[in-house]
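To start, the structure under review is shown below, and the notes come after it.
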Amino acid sequence: MSTPDNNARRKFIAAAGAGVAGLGFTAIAPGLHLMAVGEANAATEARKAGTAASPAVRWGLLIDANKCAPGCTKCIDACHTENGVSEKLPDPRQNSQWIRKIELVDRRNGRKTELPMMCQHCANPPCVDVCPTGASMKRADGIVLVDRHTCIGCRYCMMACPYKARSLVHVPLTEQNPEVPRGQGCVESCTLCVHRVDKGQTPACVESCPEGAMVFGDLNDPSSAIAKRIASVPTTQVRGDLRLDLGVRYQGI
Amino acid sequence: MMKHAKGELIARPHPPSRGATGQFASLKRYQSLRPSYFTLTMATLNPRHEEGFFYLLAAIGGLVSAVGIGAALYMEHSGHVVTGMNNQIVWGLPHVFAIFLIVAASGVLNVASMGSVFGRTMYKPRAPLSGLLALAMISGGLAVIMLDLGRADRIIVAATHFNPTSVFGWNVILYPVFYGVVAVYLWTMMERRMYPWMKVAGFATFIWRIVLTTGTGSIFAFLVARQAYGTALLAPMFIIMSFCWGLAVFLVVQSTMYAWNGLTLPPLVLQRMKNLLATFIAAVLYFTIVLHLANAYYAKNIAFEYFILFDSEFASMFWIGQILVGTLLPLALLFYPPTAARALWVNIAALLVVVGAYFHLYVFIIGGQAFPLDIFPGYDVKSSFMDGAVDHYSASLPELLLSLGGLGIAFTMTTIGVRILRFLPQDDFAQLEAAGD
């Protein structure tokens, strides 16, 4: 929350920072928040409490399908443990799946590939477009989320998502992770472990992958590991024909 | 034209005095003014039995509505785990029923528009009933949609948080305004002082119902993810579907009301309305053919077209339910001279159109979701989340009851509406002949 005092202090800090250190671009305005490129580019730096997510950052994932081990589900286990996704319903199609492994077989040559699939954190997300209440939203740093207080459970976003990334919570929930609110009747999907990212950590799936197949970082920062990899190897955006500008990229498919 | 055998009023003469626009004056008032013209009675029921029958119908409608609401409360309490819907088929039977009611609600208003906007005299006496049916059906449809929400208790959030890019968001404006314009239109038709405003209100209603159905079609037209949807053709197609389904519902309700009052639909009216229905059925068939031909032309959609037309449980629903029962059979009944001239067969044709409409929407909504998303074109895929797999859906009892509850609400509102207000169409044949209509 911004107050007049805070804004004045920010103005002073910004002016001092720009004048003395000459560090990068600083944008400041009443009602907006101080943004410093140097700070934003730090891929795993914690976001300060009370400050908004920075539009200078675009969080993303690069997944190397060549390294994804067949049959391995460590990323799924880690995700669902981290986010408290534990319900097991009689009809498995009603279970929430924030991340899943997909096995692909190329029809032309029979080549097999496995990869994890989750919310692709589109820059132009169809789920956000169609949400009647604005509960589906894209944070300034590119993370696509669902506001659990305003989701009415209409499932229009599930109809609109080209990646089948979203789930409806079909039952009442108990024993949730306090950092990851979930609720019956609301739609949910991968949050890119936003609660960890805001603390300067990487998503649970990335951390759990024994093969190092997943890289997390700021796509906007040319010096970040993810940006360097994307600049040096061919990568793919799934359903790139839709021009959704995905935050999750794949290598090896 | 005069009254004929008991319970069979063919037509009646021009009434001696009329209001500014005249044609909606009450039957009862005419009876008191010129009793010699009218000896029509409730064909078979005496007034006490007739009243009892009304309460019975209202009670049945109320009971079905209440059971539907009870089913919704059960779903709200237990979660959608008690439904047949899942994370692939996210919209189920309630959406089939709700969208039918909403589309037909706007379509039934076409009857009023034929009179007020296009000046067809024969349709003017039918405008009040079409307005009532529109309000009743849209209420039933919206109730089902809203009660099926994962968080139905948060419906107020939909009104307080508005996303202008969402077609569902537009609905927050489209539906309340629809209620408003139809209510005002009814007011101008039923209140003599408001007659001068009737044409303006009718025109506004016509424009708004086109906008509303465009919105309903656009719910699917704007979906880029699934092969079944995502084409602008759906907006005009939904409009023509609404014309067809709305008129079919109107014909059935109108005939029921005539029968209730011991009347027979005048042959001239029957002839005109059945021709219009046939035209709309053919138009829906035309759009259906164009939609599937266009889809089949795109290589990326051939697999889906093959699935929906030939290789799934939906194929038989399409060919038998939608095409044979809902399209070809009604067309035959409406054009085959021995059946086309009889009210009974025209009504059966209209009922078949309604049955076909449900098949149409089931194939479109459920079938469209059952086919797997083509996330990785050129690959065979599988996962724990039904990737690459055809899903199968069967509605659970609570879903069915909720869906029927929507029909119950529409039925109850209509039954009470026609009982307490003047909605029975009253044809003025002298005026019709004078208008050359």
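The values are calculated or read from the model by the stated rules, or taken from the named source; none is laboratory data. Note that the coordinates shown come from a computational prediction; the quantities given were computed from them, not determined experimentally. When we count neighbours, we look across all protein chains shown, and the Cβ atoms used for this are built from the backbone with ideal geometry, even at glycine. Note: accessible area is taken over every heavy atom of the protein model, side chains too, but ligands, DNA and RNA are not part of it. Shrake-Rupley method; radii C 1.70, N 1.55, O 1.52, S 1.80 Å.
Residues that are open to solvent by 20 Å² or more (accessible area, probe 1.4 Å) and within 14 Å of B:Leu109 (Cα to Cα) within the range B:218-248 comprise B:Ile239, B:Ile240, B:Phe243, listed in sequence order.
Checking the stated criteria, B:Leu265 turns out to be more than 30 Å from B:Gln369 (Cα to Cα), touching a helix residue (DSSP H, G or I) at 6+ places or on another chain (Cβ under 8 Å), touching a residue at least 60 places away in the same chain (Cβ under 8 Å) and surrounded by 20 or more Cβ atoms within 10 Å (Cβ to Cβ). Every condition in (1) open to solvent by 10 Å² or more (accessible area, probe 1.4 Å); (2) more than 9 Å from chain B (Cβ to nearest Cβ); (3) not in a strand (DSSP E or B) holds for A:Cys154 except the one numbered (2). Among the residues of the range A:157-191, those that are away from chain B (no Cβ under 11 Å), among the charged types (D, E, K, R) and on the phi < 0 side of the Ramachandran plot comprise A:Glu179, A:Arg182.
Here A:Asp218, A:Asp245, A:Asp147 are screened, and the one residue that is modelled with pLDDT of 95 or more, crowded, with 23+ Cβ neighbours inside 10 Å and of a type in the set (Asp, Glu) is A:Asp218.
Each residue in the range A:66-84 was checked for being more than 14 Å from every other protein chain (Cβ to nearest Cβ), in a loop (DSSP other than H, G, I, E, B) and open to solvent by less than 50 Å² (accessible area, probe 1.4 Å), and 3 of them qualify. Only one of the listed residues (B:Ala112, B:Ala105) is among the hydrophobic types (A, V, I, L, M, F, W, C) and either over 27 Å from A:Gly153 (Cβ atoms) or touching a Lys or Arg at 6+ places or on another chain (Cβ under 6 Å) (or both). That residue is B:Ala112. Of all residues in the range A:85-130, those satisfying the criterion of being open to solvent by less than 20 Å² (accessible area, probe 1.4 Å), at the interface with chain B (Cβ under 7 Å from one of its Cβ atoms) and either out of contact with any helix residue (DSSP H, G or I) (no Cβ under 7 Å at 6 or more places or on another chain) or of a type in the set (Val, Ile, Thr) (or both) are A:Ile102, A:Leu104, A:Asp106, A:Val130. Within the range B:77-92, residues that are open to solvent by 10 Å² or more (accessible area, probe 1.4 Å) reach partners that are β-branched (Val, Ile, Thr) with beta carbons closer than 8 Å, at six or more positions or on different chains, in the pairs B:Ser78/A:Val171; B:Val81/A:Val171. Scoring A:Gln237 on the criteria (1) within 14 Å of chain B (Cβ to nearest Cβ); (2) surrounded by 18 or more Cβ atoms within 10 Å (Cβ to Cβ) leaves a single failure, condition (2).
The single condition among (1) assigned to a loop (DSSP other than H, G, I, E, B); (2) touching a Pro at 6+ places or on another chain (Cβ under 8 Å) that B:Leu265 does not meet is (2). The combined condition, being more than 11 Å from every other protein chain (Cβ to nearest Cβ), open to solvent by less than 60 Å² (accessible area, probe 1.4 Å), closer than 25 Å to A:Leu219 by Cβ and among the β-branched types (Val, Ile, Thr), is fulfilled by A:Ile63.
Identification of helices (runs of 4 or more DSSP H) wholly contained in the range B:324-414 with 1 or more residues that are in contact with a Cys (Cβ under 7 Å, 6 or more places away or on another chain) yields B:343-362.
Can we say B:Thr288 is part of a helix (DSSP H, G or I) and under 23 Å from B:Val253 (Cα atoms)? Taking the combined requirement at face value, the residue does not satisfy it. Please determine, by comparing only the residues of the range B:364-377 that are in contact with a helix residue (DSSP H, G or I) (Cβ under 6 Å, 6 or more places away or on another chain) and open to solvent by less than 10 Å² (accessible area, probe 1.4 Å), which one is farthest from the other protein chains (Cβ to nearest Cβ). The qualifying residue farthest from the other protein chains (Cβ to nearest Cβ) is B:Gly367.
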